[in-house]
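To keep things clear, I will list the structure first and then write my remarks on it.
Computed from the coordinates by the stated procedures, all read-outs in this text should not be read as laboratory data. Treat the numbers as computed from the prediction; the structure is a model and nothing was measured. For neighbour counting, all protein chains shown are included, and Cβ atoms are generated from backbone atoms with ideal geometry for every residue, glycine included.
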Amino acid sequence: MIQAPRGTFDVLPEEAARREVVEALAKRILESAGFARIETPAFEHTELFARGVGESTDIVQKEMYSFEDAGGRSLTLRPEGTAPVCRAYIEHGMHKLPQPVKLFYLSSFFRAEAPQRGRHRQFWQIGAETIGSAEPAADAELILLLFEILRTLGVRDAVLHLSSLGTPEARVEYLDELKTYLRAHQDELSEETRGRIDLNPLRAFDATDARTRATMTNAPKLLDRVSADDLEHFAIVRRLLDDAGVMYEVDPTLVRGLDYYTRTVYEFRSPSLGAQSGVGAGGRYDRLIEQLDGPATPASGWAAGVERMLLAAGELPTFPAVTDLYVAVAEPGASARAFELLRAARRAGLSAQQELAGRSLKGQLKQADRIHARYVAIVGDDGTQTSLRNMHSGDQRELPTGDVIRAILRGNRLS
Ligand code: ATP
Ligand code: MG
């Protein structure tokens, strides 16, 4: 038996219905805030992620599905959405549009990770990006929208962790200071953290190992070293969130796994999810577009995992599919007339299904009941007469097949 690859999953119809609730809700909230949908290709030139996400990140170092095409170019299944959206912004000259450009996406992403609950190799994200605004209000608006989506989904335990990473200039000196601290405490660090001191020292704050974590509590924090302008920006973001009634925890140990962040960074964590607690995360990335050869353009955005939102969500209202009409046949000879009735029903805007499994009449009625059909039309022997049964009341009457649709529509008006 051929199975789906490890770390991937099928979305079966029942699950698809729950997903649609999440997608529709996010779409409604984002669209009403002026975000328009964008979709980019499932794969990009590898260089986009190497330069955009950063060579030293876990994503680029070990999580990318890369392959060579026939022309010998290296392509990569997209591991995240921000670099591709920025690539599209530059490629389509969106800097010429009135700024900011507010975009959202709802797409699948690919990372070669160890599969666990809430961690897959192909997963879905809803993401939002505000490109072309340096305002703290853009950050606050984005955070508020993600907060609103999670709240509406019934994710009650999400905690917002918030910090500022300042500008790359402010980081240079700090990174030296941090490296010095890490080297002085080498013996207390996990092997992985020790191996990353030069390449990506900030990641030490993300270590899971207890001894490393304890050592990092006393490490110098970037938030204490950022510039006065960065602090002013951060203070405004916080004030706007305070005014909006959004609770958060200032968390100076919050470093994100992507190199492009500047200033505001955040993550919503839902403890009920266990080890993979990150539901959605984002931040400001003022240098990314320039780094991808575009015009200097400040920007900010987030991405939230659909699977993790579903795991953390409360009871979601799903709507059972309704069928107005089930077209049954008394005799196989009536099937052409039944098919015609089916088409007429759909033309009239009714949802309709037909018998397709050669069931007995009793079996057909049972099937109609199973799919919650409101009416069953049993098309008679020669197709001219039909018995129309109201499944709710149990009433059944004979009428010319040509009158069935009208009778149902009249019934609809009355009910
Ligand atoms: P984590 O800390 O869980 O590895 P991350 O920092 O790599 O997350 P981001 O790159 O910021 O995550 O992606 C944003 C969101 O996408 C995460 O908060 C999470 O909900 C979701 N996500 C990330 N990786 C996966 C995955 N492999 N499977 C399912 N969802 C994921
Ligand atoms: Mg990750």
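Counting each pair of different Cα atoms once, what's the Kirkwood radius of region 129-224 in Å, rounded to one decimal?
15.8
Which residues among region 98-112 fall inside the zone where the amide N is under 13 Å from a point 7 Å beyond the Cα of residue 42, along Cα→Cβ?
107-111
For residue 225 paired with residue 351, estimate the spin-label separation in nm (one decimal), with each label point 7 Å from Cα along the Cα-to-Cβ line.
Computed distance between label sites residue 225 and residue 351 equals 5.9 nm.
May I ask you to list the lysines whose Cα is less than 21 Å away from that of residue 62, ignoring any residue fewer than eight positions away on the same chain?
By straight Cα distance, residue 62 reaches no lysines at all.
Convert each backbone phi in region 147-164 into a coupling constant with the Karplus relation 6.51 cos²θ - 1.76 cosθ + 1.60 (shift: θ = phi - 60°), then list the ³J(HN,Hα) values in order as whole Hz, x for Gly and Pro.
Per-residue couplings from phi come out as 4, 5, 4, 5, 5, 5, 6, x, 7, 8, 9, 5, 10, 8, 9, 9, 7, 10 Hz.
Taking a spot 7 Å from the Cα of residue 318 along the direction of its beta carbon, which residues of region 94-110 have an amide N less than 11 Å from it?
none
Which residue, 43, 339, 147, has the most motion in a Gaussian network model of the chain that connects Cα atoms within less than 10 Å?
Highest fluctuation among the options: 339.
Give me the net charge of residue 274's neighbourhood, meaning all other residues with Cβ under 14 Å from the Cβ of residue 274; Lys, Arg count +1, Asp, Glu -1.
Neighbourhood net charge equals +2.
Could you tell me the calculated FRET efficiency between residue 339 and residue 199, based on Cβ-Cβ distance and R0 = 51 angstrom, to the nearest 0.05?
Plugging the Cβ-Cβ distance into 1/(1 + (r/R0)^6) gives 0.15.
I want to verify a result. In a Gaussian network model of the chain, Cα cutoff 10 Å, which of these has the top mean-square fluctuation: 233, 45, 372?
Among 233, 45, 372, the largest GNM mean-square fluctuation belongs to 372.
Mean separation of Cα pairs under 8 Å and 6+ residues apart, divided by the residue count of region 323-410: what relative contact order is that in percent?
32
Describe numerically, in nm with one decimal, the distance between label points set 7 Å from Cα along Cα→Cβ at residue 191 and at residue 116.
1.9
What ranking do 307, 249 get, fewest neighbouring Cβ atoms within 10 angstrom at the top?
Ascending number of Cβ neighbours within 10 Å: 249, 307.
Can you spot the aspartates and glutamates whose alpha carbon is less than 17 Å from residue 27's alpha carbon? Ignore those fewer than 8 places along the same chain.
Reachable aspartates and glutamates: 39, 129, 141, 148, 307.
Output ³J(HN,Hα) for region 270-282: one whole-Hz value per residue in order, computed from phi by the Karplus curve 6.51 cos²θ - 1.76 cosθ + 1.60 with θ = phi - 60°, and x for Gly and Pro.
Once θ is set to phi - 60°, the couplings for region 270-282 become 10, x, 5, 7, x, 4, 8, 8, x, 8, x, 7, x Hz.
Could you check what % of the DSSP bridge pairs in region 288-415 are antiparallel, to the nearest 5?
55
Between helix 13-31 and the chain, what is the angle of the helix's C-alpha long axis to the longest principal axis, kept within 0 to 90° and rounded to the nearest 10?
So the helix axis and the longest Cα principal axis differ by about 60 degrees.
Taking neighbour Cβ counts within 10 Å as the exposure measure, how do 180, 212, 297, 323 sort from fewest upward?
Listed from fewest to most nearby Cβ atoms, that is 180, 323, 212, 297.
Of 383, 352, 394, which is farthest along the charge dipole of region 323-410 in the positive direction, counting Lys and Arg as +1 and Asp and Glu as -1 at C-beta?
Most positive-ward Cα: 352.
Highest GNM mean-square fluctuation, the chain, Cα pairs closer than 10 Å: which of 200, 390, 218?
Of 200, 390, 218, the most mobile in the Gaussian network model is 390.
For a footprinting-style exposure proxy, rank 246, 279, 237 by other Cβ within 10 Å, fewest first.
Fewest-to-most Cβ neighbours within 10 Å comes out as 246, 237, 279.
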